[in-house]
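S.K.: Just dropping this structure here.
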Amino acid sequence: MIPLPETNAEGLPPVELTEEQKYLLDTKGWLLVPGALSEGEAAEMRDHCYRLQRDRESVPLPQRSPIGGPCQKLTDHPVVVGFMNEFVAHPPLATPDGYGFRLENSFLALRTEGHDNFRPHGGGGMFNFPGNSHTYHCRPGAVSSGLTRAVWELNPVEHGTGGTMFLTGSHKAAFKRPPSTDDRDSPLWETYACPAGSVLFFTEALCHTGAKWTNPEWDRVAVFNCYNTVNAKWHEWQPHPELLEDMPPLRRTLFRSVHCQNNAVVGSQESVEPQP
Ligand SMILES: O=C(O)CCC(=O)C(=O)O
């Protein structure tokens, strides 16, 4: 039995994916989990995001991050831990006190009407070699989805008004993206609608793009967190050292070194002869 942590850093058990959710992620490359946060939690996090963007000085320096303040708990939210254990973790390198996956990048997308991020990229990641990180591997009954995004939508998203768009299934695509998909209105692009506090997962092996935010009534407020398996790192990013220091020890293992020999976790610098 592989000793994965039994709870997250706040003592909450991971929310395991259903058979349907696992099937959807594998076949589509993306999965929406609506309403994972309460309206109160989403409102508090939205407020943090607005302060980050519009009143930065009011946020203490170590917390000036999309994983600072109330958003810190998104990093190992039970829904995220359940998902990552299934699709991203390398269980032999997890311990009861250390996750088998890393959080390696976070950015905030606070978009007002007219903001446009249409730039299709990715796809066919199943054929990428290790080292690229935009990979997707599978065998019957198990998947490793490589670099994987968890996008927290902190405001509602209406269908076709600027949520991320996907070429569903293209993580396994053997052919190039058709030129017709340069047209953002191509029926090949799929997207979603969701209430505030939903989380969207997708493998970066999938072809995807941002879109134009067209909602005049409210902004897109989305925290994009990026995970990788525990012994790999793609982005050059680290949280502020004081933010890291203040985290509960289990959460801190999300930022452990990529050097995982002997299951070493962050701060473990022992100079002992490595065991085979
Ligand atoms: O802007 C978006 O909705 C998607 C961002 C994106 O392309 C990415 O995270 O790789």
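S.K.: Quick check on the chain: what does the Kirkwood estimate of hydrodynamic radius come out to from the alpha carbon pairs, in Å?
M.R.: It works out to 19.2 Å.
S.K.: Return the sequence-ordered ³J(HN,Hα) values of segment 184-189 in whole Hz as given by the Karplus equation 6.51 cos²θ - 1.76 cosθ + 1.60 applied to θ = phi - 60°, using x for Gly and Pro.
M.R.: Those phi angles translate into 5, 8, 4, x, 6, 6 Hz.
S.K.: Sticking with this one: If one computes P(r) from the Cα atoms of segment 201-241, what percent of pairs lie at distances over 15 Å?
M.R.: I get 64 percent for the Cα pairs in segment 201-241 exceeding 15 Å.
S.K.: Just how much of W234 is accessible, in Å², when a 1.4 Å probe is used and the result is rounded to the nearest 10?
M.R.: 110 Å²
S.K.: Report relative contact order for segment 51-108 in percent, whole number only (criteria: Cα-Cα under 8 Å, sequence separation at least 6).
M.R.: 26 percent.
S.K.: In segment 19-263, how many lysine pairs have Cα atoms under 28 Å apart, counting only pairs 8 or more places apart or on different chains?
M.R.: Summing the qualifying lysine pairs gives 14.
S.K.: Something else now. Over segment 69-209, average the accessible area per residue using a 1.4 Å probe and give it in Å², no decimals.
M.R.: 38 Å²
S.K.: In whole angstrom, note down how far apart the Cα centers of segment 179-220 and segment 1-21 are.
M.R.: 28 Å
S.K.: Tally up the carbon and sulfur contribution to the accessible surface of the chain as a whole percent, 1.4 Å probe, everything protein left in place.
M.R.: The computed percentage sits at 53.
S.K.: Direction-averaged shadow area of the convex hull around the Cα atoms of segment 154-217, nm²?
M.R.: 4.7 nm²
S.K.: Next question, about the same structure. Report the per residue volume, in Å³, of the convex hull enclosing the C-alpha atoms of segment 92-133.
M.R.: 137 Å³
S.K.: Something else now. Would you mind checking the radius of gyration and Dmax of segment 109-151 based on alpha-carbon positions, in Å?
M.R.: Both quantities, over Cα of segment 109-151: 14.6, 44 Å.
S.K.: Still on this structure, I have one more. How about segment 191-236: which GluC sites (Glu not before Pro) there are in a DSSP loop, with at most 10 other Cβ atoms within 10 Å of their Cβ?
M.R.: Loop-located and lightly packed - E217, E236.
S.K.: Determine the dipole magnitude for segment 109-209: charges of +1 sit on the beta-carbon of Lys and Arg, -1 on that of Asp and Glu, nothing else is charged, the reference point is the Cα centre, and the result goes in debye to the nearest 20.
M.R.: Charge dipole of segment 109-209: 480 debye, to the nearest 20.
The values are calculated or read from the model by the stated rules, or taken from the named source; none is laboratory data. Source: prediction; values computed, not measured. Counting neighbours? That spans all protein chains shown, and the Cβs are built from the backbone with ideal geometry, glycine included. Just so you know, the surface numbers come from the protein's heavy atoms only, side chains and all, with ligands and any DNA or RNA stripped out. Shrake-Rupley method; radii C 1.70, N 1.55, O 1.52, S 1.80 Å.
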